[in-house]
Amino acid sequence: MNNYTFKNLLPYQWMGSTPEIDNLTLFEMTLPGTHNAGCDWEASYAPFVANWVVCQDVPFYSQLNRGARALDLRLIYDSKSSGLAKFRFLHNNELSSRTLEDLIRDIKGFLERSYNEFIVLDFHELKGGKEPFDYKYFSEMMVKHLGEHIIPSENIHLSLGQLKKISRTQRLLVAAPSHYDLDWKLFCGQVIHKWAGDTYLEETLAPTSPLFAYVTELMKSPPSRDYLWSLSAAIWNVGGPQRILEVLDNWFDPAQKNWVEHCNIISFDFIKNSKIVFFCQAANLKKAAKKSTTGAVT
């Protein structure tokens, strides 16, 4: 572990450059995630709403390049558009110009270079617009454009090393709300989200206090590793999504607390300048070493 420092971290390939963690499964790991990944400052929005809906500085590709390995994705269905543009990203009810086409392009581009990185695509919300969400067409498009990269659902509990031996291309775990029109040979169950709830007023008066209290309580008895779960380490108040990276870096610094080890996905806003990726790498190294010795990460 002494060879890994924040200074020599390679965010775009932090998994591939850390072979010691190949004995871990995605369920055992701690993954840095981007909250509302489809709403970034480089996208377009309706007038006067961006400040209240934008949660990331940069698009999907750059989020991955900066180390994110779980993307929190929320789509709405637009029946009047064509092709992949039928599926558009949103935050609450406000639309981003990003579509499923942007996500697929960026995922393919990233994996072409960083082929030993594993990514959780957490489709947390699939929302109908004027017509119900077309799960069948969504499933068909995902299989058509990303099928070769998706880990079959029967293999999602294998370790990174085992997955690498099976395939050089299967690097995506795709999670979504349950629906009979999805191809469940490739999709898996929805990621469980843990969040502090609607504390708008409290987060306006004392921005990080409600979140800190919530995480403190959650860490006393973290969720099971039998399923994927995400901690929403983000706050939203009168000023919109807030930049609290210094606070999060302090909370999840393994030199301060063991919180990072107990998390599965840490989903947060504005990944651009965070140390969370490095802390996740350190936590995974520790868990991998423990598993090698005891056979378990806890």
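Values in this text are rule-based calculations from the coordinates and carry no lab data. Values in this document were obtained by computation on a predicted structure and should not be read as measured data. Don't worry about glycine lacking a Cβ; one is built from the backbone with ideal geometry, like all the others, and counts go over all protein chains shown.
Observations on the structure shown:
- Residue 48 versus residue 294: modelled label distance in nm, points set 7 Å from Cα along the beta carbon direction: 5.6 nm
- Mean Cα-pair separation over length for the chain, i.e. relative contact order, pairs under 8 Å, 6 or more apart, %: 25 percent
- Between 248, 83, 146, the Cα set farthest toward the positive side of the dipole of the chain (charges on each charged residue's Cβ, about the Cα centre) is that of 146.
- Of all DSSP beta bridges confined to the chain, the antiparallel ones make up roughly 25%.
- Taking a ≥ b ≥ c as the square roots of the eigenvalues of the Cα gyration tensor, an a/c ratio of 1.5 or more together with a/b no larger than b/c marks the chain as oblate.
- Inter-site label distance for residue 183 and residue 227 at 7 Å from Cα along Cβ, in nm: 2.5 nm
- When the C-alpha to C-alpha distance is required to be over 26 Å, the pairs from 7/257; 86/144; 165/185; 86/272; 108/194 that qualify are 86/272; 108/194.
- Highest to lowest packing among 36-43, 255-262, scored as the average C-beta count within 10 Å: 36-43, 255-262
- From the Kirkwood radius over Cα pairs of the stretch 35-139, Stokes-Einstein at 25 °C and 0.890 mPa s returns a whole-number translational diffusion coefficient of 175 µm²/s.
- The charge dipole of the chain, taken about its Cα centre with unit charges on the Cβ of Lys, Arg, Asp and Glu (plus for the first two, minus for the last two), comes to roughly 740 debye.
- Each peptide in 20-29, 263-272 was scored by the mean count of other Cβ atoms within 10 Å over its residues; highest first, the order is 263-272, 20-29.
- Label-to-label distance, residue 257 versus residue 101, with points set 7 angstrom from Cα along the beta-carbon direction: 4.3 nm.
- Residue-averaged [θ]222 nm for the chain, counting only DSSP H segments that reach four residues, each worth -39500 (n - 2.57): -8500 deg cm²/dmol
- Size descriptors for the stretch 78-210 (Cα atoms only): Rg and Dmax, in that order, 17.1, 52 Å.
- Value of relative contact order over the stretch 77-169, rounded to a whole percent, pairs C-alpha under 8 Å and six or more apart: 28 percent
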